[in-house]
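Step one of this worksheet: look at the structure below.
Quick note: the coordinates plus some simple rules give every number you see, no bench work behind them. Everything numeric here is computed off the predicted structure, so don't read it as measured data. Note: ideal-geometry Cβ built from the backbone for every residue, glycine included; neighbour counts use all protein chains shown.
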Amino acid sequence: MGQKFMEPAVWNDAVTITANMHEVLDQADKRRRVVILGGGFGGFRLAAGLSPRLFNVTIVSPRDHFLFTPLLASTVVGTTEFRSIIEPLSSARKGVTVYVATATSIELDRQIVHCMGSFDKDKFELGYDTLVIGVGAAAEMERVPGVAKEALALKELSDARQIRRNVMKCVERAALPGVDSETRQRLLHFVVVGGGPTGVECAGELYDFVHEDLIPRFSHLGPFFKITLLEAATEILSSFDRSLADYTRKSFAKRGIEVRTGAFVSAVTNEQLTLRNGELIPFGVLVWSTGITPTDFVKALPVERTSNGRISVDRYLRVKNAPNVFAIGDCASVEGSTYPATAQAAQQQGAYLAKALTKAVRGKDVAAFRYLHLGMLASIGGGRALADVPGIKWRGFSAWLVWRSVYLTKLVSLRNKFRVFFDWIRTSLFGRDVTTF
Ligand SMILES: Cc1cc2nc3c(=O)[nH]c(=O)nc-3n(C[C@H](O)[C@H](O)[C@H](O)COP(=O)(O)OP(=O)(O)OC[C@H]3O[C@@H](n4cnc5c(N)ncnc54)[C@H](O)[C@@H]3O)c2cc1C
């Protein structure tokens, strides 16, 4: 392996958490201190895999929950409820300490992370023997003028809630008497930019919401609703098999979702966007889902990064020239590979690192990380989905049943599996909620 997998622990001489009982107790604790930055797919899976007998595990994360993003688009319209897809970080494993805070910087030579509490901005430091950076990535909102201010990302639960609020706000405004047709048309035009799986799922969910729940209640607004999906490249769903992308286009066309490829948005103002060809498109709600970019924290780290700004790690997920520091998930890039920025890659890295750290502590050899591609699934609305699994290209209603079954089993807790299952039954029996709160 060249360099050692990890250096010996310095035990607790670097602990500088505010003077309290924790510190006193830590002095007697000879377990290796693992600090995990981020409680997403990578960090949560890693924490779940580390035995409290061997490791003293702390998660630092600005949100106190793990978010199951594959069902995030369906919370926008209420097919699934917000609370059904989050898990408290402390449930990762008994004994895990969680600090709801943001890591602001790292001192590699002193093995210390500087953090800031999420609520009162209290600053504190954490010493570590092993540091794992799993802070994910941010939604890319800066490249086109006006996007950061006027468009809504779909990355966090708060984003889904905001999109829902804005959709309902537009519907309620459009429903008022005396609103002219042009304004109604604009308010009820929901535009999604980005033809990847997230953008496609969001457009599909919005369509179902409009046709199954809004039009029956606001029938006079029916002719004004419109959903458009804009993609700058020549095709949507470029990571999926061509046949599945074509099927999606046909299915969207049949249902009246307008898909426009080669449509590069060059500017956005509060009521309309401009395409590169000069065309103006008025909208009521604009969802921006064009990809990810490194977080400001990652950009400022004193470590080697790849050309796309991700932290460069070797095949053991070690950050180069940073002893005892590892990086996983969307914020990291493994040398000599092009793993996608997906939950399955992040989760596999978290699981690998839990095993690798355990082996290293026990003095056993550690093998390099290997990614196993299990395939991709995406729901396209209307009770249809896509399944692009090695050797199988599947679509339609049966793929939708597979999509639902797979994600039901992948949800972490039994409680949330039940919640989501009953959310789906509730939606099919009684429809989605159309109130604003
Ligand atoms: C709407 C949507 C749908 C998706 N659907 C799928 C899908 O179906 N299949 C799939 O494989 N992938 C999917 N993805 C991608 C998947 O969610 C990501 O690839 C995955 O979450 C990456 O995991 P991660 O652990 O690297 O980061 P994340 O899961 O993003 O977690 C990052 C964590 O770091 C925390 N954090 C951020 N900054 C700091 C800091 N400075 N200090 C401490 N903590 C910090 C965050 O709060 C968060 O807890 C989807 C993504 C989205 C947005």
Q.
For the chain, take the longest principal axis of its alpha carbons; what is the angle in degrees between that and the long axis of helix 414-430, to the nearest 10 within 0 to 90?
A. 0
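Which shape class applies to region 386-428: rounded if a/c is under 1.5, otherwise prolate when a/b exceeds b/c and oblate if not, where a ≥ b ≥ c are the square roots of the Cα gyration tensor eigenvalues? Before the final figure, lay out each step's value.
Numbers: a/c = 5.28, a/b = 1.71, b/c = 3.09.
It is oblate, given that a/c is not under 1.5 and a/b is not larger than b/c.
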Q. Once the principal axes of the Cα atoms of region 232-324 are found, what is the range along each, listed largest first in whole angstroms?
A. 55, 36, 21
Q: Any chance you could give the angle, 0 to 90 degrees and rounded to 10, that helix 343-361 forms with the longest Cα principal axis of the chain?
A: 10
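What is the order of 247, 352, 371, fewest Cβ neighbours within 10 Å to most?
371, 247, 352
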Q: Can you pull the one-decimal nm distance between simple spin-label points at residue 373 and residue 64, each 7 Å off the Cα toward Cβ?
A: 4.0
Q: May I ask you to compute the full-extension gain from residue 220 to residue 337, defined as 0.36 nm times their residue separation minus their alpha-carbon distance, rounded to one decimal in nm?
A: 36.8 nm
Q: Set the Förster distance to 30 Å, then compute FRET efficiency between residue 173 and residue 424 from the Cβ-Cβ distance, nearest 0.05.
A: 0.50
Q | Selection from 293, 435, 358, by position along the positive dipole direction of the chain (Cβ) | A | 358
Q: Given a cut-off of 21 Å, name the pairs among 4/355; 149/169; 30/364; 121/149; 4/359 whose C-alpha atoms lie farther apart than that in the structure shown.
A: 121/149
Q. R0 = 30 Å: FRET efficiency of residue 165 with residue 242, Cβ-based, nearest 0.05?
A. 0.25
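Can you tell me how region 324-420 classifies by the Cα gyration tensor, rounded, prolate or oblate, using a/c under 1.5 as the rounded cut?
On the way: a/c = 2.81, a/b = 1.84, b/c = 1.53.
Note, shape of region 324-420 comes out prolate.
Quick check on the chain: of the DSSP beta bridges with both residues there, what percent are antiparallel, nearest 5%? Could the numbers behind the result be given before it?
Details: 35 of 71 bridges.
So the antiparallel bridges in the chain amount to around 50 percent.
Multiply the residue separation of residue 181 and residue 315 by 0.36 nm, subtract the distance between their alpha-carbon atoms, and state the gained length in nm to one decimal. Write out the running numbers ahead of the final one.
Working: separation 134, 0.36 × 134 = 48.24 nm, distance 5.85 nm.
Between residue 181 and residue 315, full extension yields an extra 42.4 nm.
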Q.
Cut-off 17 Å, label point 7 angstrom out along Cα-to-Cβ of residue 270: give me the residues of region 168-191 whose amide nitrogen falls inside.
A. 169-171, 173-174, 183-184, 186-188
**Q.** Reachable lysines from residue 254, criterion Cα separation under 25 angstrom, eight or more residues apart if same chain
**A.** 226, 393
Q. Label-point separation (nm) for residue 125 and residue 358, each offset 7 Å from Cα along Cα-to-Cβ?
A. 3.3
Q: For helix 397-410, report the angle its Cα long axis makes with the longest principal axis of the Cα atoms of the chain; keep it between 0 and 90° and round to the nearest 10°.
A: 30
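Within a 10 angstrom radius of the beta carbon, how do 413, 312 rank from fewest other beta carbons to most? Before the final figure, lay out each step's value.
Values: 413 13, 312 17.
Least to most surrounded, the residues fall as 413, 312.
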Q: Would you list the P(r) distribution for the chain, with all Cα-Cα distances sorted into 10 Å bins from 0 and each bin expressed as a whole %?
A: 4, 20, 29, 24, 15, 7, 1, 0
Q. Dipole of the chain, Cα-centred, from +1 at each Lys and Arg C-beta and -1 at each Asp and Glu C-beta, to the nearest 20 debye?
A. 1180
Q: Would you calculate, for the chain, the mean residue ellipticity at 222 nm contributed by helices, counting each DSSP H stretch of 4 or more residues as -39,500 (n - 2.57) and dividing by all residues, to the nearest 500?
A: -9000 deg cm²/dmol
Q: Order by neighbour count: 388, 314, 120, fewest other Cβ atoms within 10 Å first, most last.
A: 120, 314, 388
